[in-house]
Each structure stands twice: as structure tokens, then as C-alpha cells.
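Q: The following block contains the structure, expressed as C-alpha cells.
The values are calculated or read from the model by the stated rules, or taken from the named source; none is laboratory data. Bear in mind the structure is a predicted one, so any value in this text is a computation, not a measurement. Glycine also receives a Cβ, built like all others from the backbone with ideal geometry; neighbour counts cover every protein chain displayed.
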Amino acid sequence: MIGCKECPHGKYVQDGSGKSIKDCLDCPKGTKTTHHAGYRACFCKDNYARKDRFGPCSICIEKGINCAGKEYRTIKTGFFWTWNFANANVTNYRKFVENLKTENWMFDNFTQYNGGLPRAFECPKQNSCVPTEDYIDVKCSDGYKGWLCSKCDRKFYSVLNQCIPCPSSGWFYTELGLVCCFCVIVLAGVVRLYKKRKTLTTPGRSIFDKIISRIKLVLGFYQVIGEFFASVHEVKWTKALKVVGDVISLIELNIFRVIIRPKCIDEKLQLNPKIEFVIGIMIPIALISTLWAIYWILTIRYKWKNRFTNASASIDSYKRQLKYNFCTSVIVVLFVTYPSICNTVFQLHPAACETFCLDIEKNHCKTLLRSDYDIDCKDLKIYHVFVYITMVVYVVGFPLVLYLLLRKEVKFIQLHGTPGPLHAINEEPGGDVQYLPDDSSTSTKPIWINFLCENYKTEYWYWEIVELSRKISQTALLTLLGWGNALTVLFTIGMSVVFLMLHARYRPMKSTFEQLLQMFSLTAILANVLVAIMYVPDEYDDRLAAALIVFNSLVIVITVGKLLFVYRLRVTYSMIGYVNF
């Protein structure tokens, strides 16, 4: 090579085999033609990359790809790609990169890479995807695994879309015991209040009805906000605040997110969307079937006990009471579990599948389930059939049946003039609607009707169905399309604003406190959405997370605070009838 002449700027000879200036060729597109060739077909322009040392360079502007200051493609932190597709070979590409790094005549024979190049995809959590030292491949950080590093590894579990180490077995069982004790205490308290319902009746509504009403408000808020947090990945949760994720999952009664925790004890206990779907559709079927079987067993038992007496009227009354109790149980349980069961249905809907083309030429694509990237959507055809059936029968059918039942009951009351044991007389400014007992009426509304309608004014008896539709509509798009979809953002904001306006305009709730609490919860949902769509610098992440937790906790803090305040007054005055709860 001593004494060899160089080609003019912008020209090159391949493999240094030129003998005269006529052998110098023009550098191809995408190269720097104002510089020396550098033992190649000229260096690539900034943000350009090549697959051939003596070939053209192509622009490199895809999101997640970095070609600045180099002639090859590397991946940025927080992004994921895979070389596991036909015609791709990461080993050969690394050899080609080493060849490009050689800027003298001593380069080896790996002057070309003829395989496919991967596309980059943004990871749900940026800190879960870590490039290798040469930034040519990606590995998942500790605790993560799978496509886009979106799943938790063994001995890790997910809270607010972040994988944290499983607690020790002792702590897990202690936590489980405390949760069970808490549930038993709450259930015992509700039963005790129900048994004392008549003695706890205030000049307004009963304490039992008010507690149930406010539990519904809290539950409705956290069911929406819990699904929102599960879908939004931009908010970075600090370690101290991840504990709140467990609390939110528990408050929203999403049985599937709570059940996932036992995978820390046994990996086989981890649920996937297919298993959740089966469990979800089996809950209503099993509940109705079990109660139906119990109904007939108890009926036959009662008939057998009274076989020697002429008690047909008594038997009919007993059967009506059983039907009433079982109907109440079915409606209340299905109402509480309705959002979480609907989410299991939406998770397997075809719209919840996402297509990933692995290479830049888009020749190798696969369609995965957004809620679990380990599941290939081409294997879900039979599930899709049951999803469509369940959406008609349960997702749409359950609110429709509730509406028809309520409408029938309201018409019955209007026709027969039996408004129930209470009738409204006035509403005090800043307080609850006041009621007077109607001793002349011996009929009482069924528990399930009180459960659904008790906290709404008479003319808005249907409002709980409207609220149920709102919750499902907001969470459905989050599950089906994901937070990254513009329609999801627009619809979620629109629904929050519309319902805020409706509540401000019509004020459907009897209690001013409950009306304000519901409007605050809708405002909180809107605030969370607005925060999620804004760009927030990294230095404010921790403060933002803390502010969101405080803001979202106010709903339950205000409700519990009101309960404690009333209890304090009850103890002070020893007469709960004086307390306007």
C-alpha cells in the first residue's frame, strides 16, 4: 500500500484494487462526498447506516434507533428488538460492525451483511429494556422477561406494571391473614348494621343504606382508576409508592390482580388472560347454578318437613322468600364483579391484539395479545367466538336486564301507589334529602333495588345503570386499544367531562355529600388523564407520583373520615338519630 495514490474526495475504489484514477467510482447515495473515502465507499452521512462497506447508506430515523456518529444501527435504552426471525443473524452483524470500525486497509472479509435488520419497539417500562454493551442486542433488566420485557420473571410480581421481588413466605401468609381478617371484620360489620337497620334509621336514610351507597362510589372510582394505572406506563412509580398499587387492586375488587400474588409461592398459580376469561365467565354461571341447586334442595327439604300438614300457602311464601334472597345475592355479586369480569372479556377481544413486524422490511410479523405478549392471537380463534357470545349475553345483557327489572319495579310502584316505607318531603340546603317514615305502608323495596337506587332521587332510578355503562366504556377502550391510542385518550377525557357536566346539571343523588364525592371522583379521573398526556421532566417524576397517590387517596380518605366523624358524634351524643350522615 506504500506509494498508492488516493482517489479524489467523493470517489472510491472497491477493495483498494484501482490502478488509475479512472478506476475511482462515485460514492453512492447517503455518503459524505466532501471527505476522503476512508477505505470504503465514503463514510455515511450523520444518522445514516449501511449494510455494505462499499454500498449506499440509508437514512436512520426510526424511533428507538441510534446511528449518530456511526454507520450501523444500534438500539436506544428503553427499546426492544429481536434477531429471532428468518434471515437475521446477530453474530454476522456484529462481525460486520467490527469491519466498519476498521478505518484502514487492514479490514477483514466481512464487508457485507446480507441478513434482515430488526425493528425497534418501545418497552412499556423504559428501565426494563437494557441494551448490551455494544448496543446491538437487548436484554431484560433484573426481574423482567419476555417480549418487550413486559412480564415478571420468577420470584417477582407486578405492581403498577413494575416487577418487584416477591415477599418471603412468612410475610405473604401474614399479609394474606390480615386481608382475610379485615374482610371478615368488614363483612361482620355490614351484617350487624343490616340486622340493626330499623334501629339505626335516622330522620333521613338509614346508616346501612348510606354506608352501602358510599362503598359503591368508592368502588366505582377505584375500578376505573385501577384499570387506568394498569394501562398507563408513562408515570414512573417510586419503590415506596408501589405498595399503594396493591391497595388499589384490593380496593377495586379486581380479583384477578389480587390472585396473581400467590405466584410468588408457586409459579403454576400465575394466571394468564385465557385462564382469567374462563374463570370470569364461570363466576356468573357457577353462582346462578349453585343458588338454583340450593333453592331446590331447601324447597324439597321444607316440603318434606311439612309433608303431614296442609301448608301450601306457607310453602309458597317460603319459596318466594328464597327467590327474593337468591335474586338479591346474584344481582349484588354480579354488580360488584361486573367490571373485572368485563375486563377479562375485553382482554381476549380481537381488537386487543397487536401486530409487530420484526424486520424493517415488514416481511416477518406476528400478532400478540396486548395483555400478555406470550399469547399468539392466531391461537385464540375459539376464544374469540366465546368472547362475542359473552359480550352479547353478559357485557350488554346484564345492564339491560338490570334496567328492565328496575323499570318494571318502578312501574309497579307507580301503578299500585306503594312508594315503600319512606317518602321524600324536602331537601335541606347543604344536607341530605330528608325522609319521613310511612307507617301506613307495609311493603318494602327489595334489597337489590335499594342497593342500586337508594342513593338516587326517585326520578333518576336508572342512574346506576348509566354509571355502570360509564365505567365499562372507560375501561373497555383502555383494555382494547391501550393508552397509546388517541381515541382512548379523547374518549376518556370526553366521558369524564360529559359526566361531570351531567352531575352538575341534574344532581341525581339524594345526598349533597355523595353528590360532591362523585363529582370529585370524576374530577380525579380527569386529572389523572390530563397528567398522563403531559410531558413531565424526569426530575419531577417522584413528586408527580406522590401527588397522584395523595389525590387519588382522597376519595377513600374523605369517605372514611366522614364515617369516623359520625361515629365520634354518635359516641358523644349517644343518639345517632341527631347525626346528619
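Q: Looking only at segment 61-75, count every residue that is at pLDDT 90 or above and surrounded by 16 or more Cβ atoms within 10 Å (Cβ to Cβ) and tell me the total.
A: Summing the residues that are at pLDDT 90 or above and surrounded by 16 or more Cβ atoms within 10 Å (Cβ to Cβ) in segment 61-75 gives 9.
Q: Here is a follow-up. Give the residue that is modelled with the highest pLDDT, with candidates limited to residues of segment 18-42 that are β-branched (Val, Ile, Thr) and within 56 Å of the chain's Cα centre (by Cα).
A: Filtering segment 18-42 for residues β-branched (Val, Ile, Thr) gives 21, 31, 33-34.
With the extra rule that they be within 56 Å of the chain's Cα centre (by Cα), the set shrinks to 31, 33-34.
On the way: Thr31: 94, Thr33: 88, Thr34: 87.
Only one residue tops the list, namely Thr31.
Q: Within segment 351-363, identify whether any single residue is in contact with a strand residue (DSSP E or B) (Cβ under 8 Å, 6 or more places away or on another chain) and of a type in the set (Gly, Ala, Ser), and answer yes or no.
A: There is at least one residue in segment 351-363 that is in contact with a strand residue (DSSP E or B) (Cβ under 8 Å, 6 or more places away or on another chain) and of a type in the set (Gly, Ala, Ser).
Q: Right, here's the next one. Mind counting the residues in segment 351-389 that are more than 23 Å from the chain's Cα centre (by Cα), under 19 Å from Ile279 (Cβ atoms) and in contact (Cβ under 8 Å) with a residue 40 or more places away in the chain?
A: 0
Q: Test of understanding: among Leu563, Leu530, which residue is part of a helix (DSSP H, G or I), hydrophobic (A, V, I, L, M, F, W, C) and modelled with pLDDT of 70 or more?
A: None of the other options fit; the residue is Leu530.
Q: Sticking with this one: Scan segment 80-96 and tell me whether some residue there is over 15 Å from Asp52 (Cα atoms) and assigned to a helix (DSSP H, G or I).
A: yes
Q: Would you confirm whether or not segment 533-542 contains a residue that is assigned to a helix (DSSP H, G or I) and either among the aliphatic types (A, V, I, L, M) or at pLDDT 85 or above (or both)?
A: Checked against the condition, which is being assigned to a helix (DSSP H, G or I) and either among the aliphatic types (A, V, I, L, M) or at pLDDT 85 or above (or both), segment 533-542 yields at least one hit.
Q: Do we find a residue being among the charged types (D, E, K, R), modelled with pLDDT of 80 or more and surrounded by fewer than 12 Cβ atoms within 10 Å (Cβ to Cβ) anywhere in segment 263-272? Working first, answer last.
A: Filtering segment 263-272 down to residues among the charged types (D, E, K, R) leaves 263, 266-268.
Remaining after also requiring modelled with pLDDT of 80 or more: none.
No, segment 263-272 contains no residue that is among the charged types (D, E, K, R), modelled with pLDDT of 80 or more and surrounded by fewer than 12 Cβ atoms within 10 Å (Cβ to Cβ).
Q: Here are Glu103, Glu62: which of them is within 20 Å of Phe43 (Cβ to Cβ) and charged (D, E, K, R)?
A: Numbers: Glu62 fails: within 20 Å of Phe43 (Cβ to Cβ).
On inspection, the qualifying residue turns out to be Glu103.
Q: Another question, if that's okay. For the list (1) at pLDDT below 85; (2) over 21 Å from the mean Cα position of the chain (by Cα), I need the number of the one condition that Cys129 fails.
A: Looking at each condition in turn, Cys129 falls short on (1).
Q: Does segment 369-383 include one or more residues that are modelled with pLDDT of 85 or more, in contact with a helix residue (DSSP H, G or I) (Cβ under 8 Å, 6 or more places away or on another chain), outside any helix (DSSP H, G or I) and among the aromatic types (Phe, Trp, Tyr)?
A: yes
Q: Can you tell which of Ile465, Ile493, Ile525, Ile449 is touching a Pro at 6+ places or on another chain (Cβ under 7 Å), within 25 Å of Ser340 (Cα to Cα) and not hydroxyl-bearing (Ser, Thr, Tyr)?
A: Values: Ile493 fails: touching a Pro at 6+ places or on another chain (Cβ under 7 Å); Ile525 fails: touching a Pro at 6+ places or on another chain (Cβ under 7 Å); Ile449 fails: touching a Pro at 6+ places or on another chain (Cβ under 7 Å).
Among Ile465, Ile493, Ile525, Ile449, only Ile465 is touching a Pro at 6+ places or on another chain (Cβ under 7 Å), within 25 Å of Ser340 (Cα to Cα) and not hydroxyl-bearing (Ser, Thr, Tyr).
Q: When you scan segment 17-54, how many residues do you find that are in a loop (DSSP other than H, G, I, E, B), over 14 Å from Val97 (Cα atoms) and not acidic (Asp, Glu)?
A: Selection size over segment 17-54: 21.
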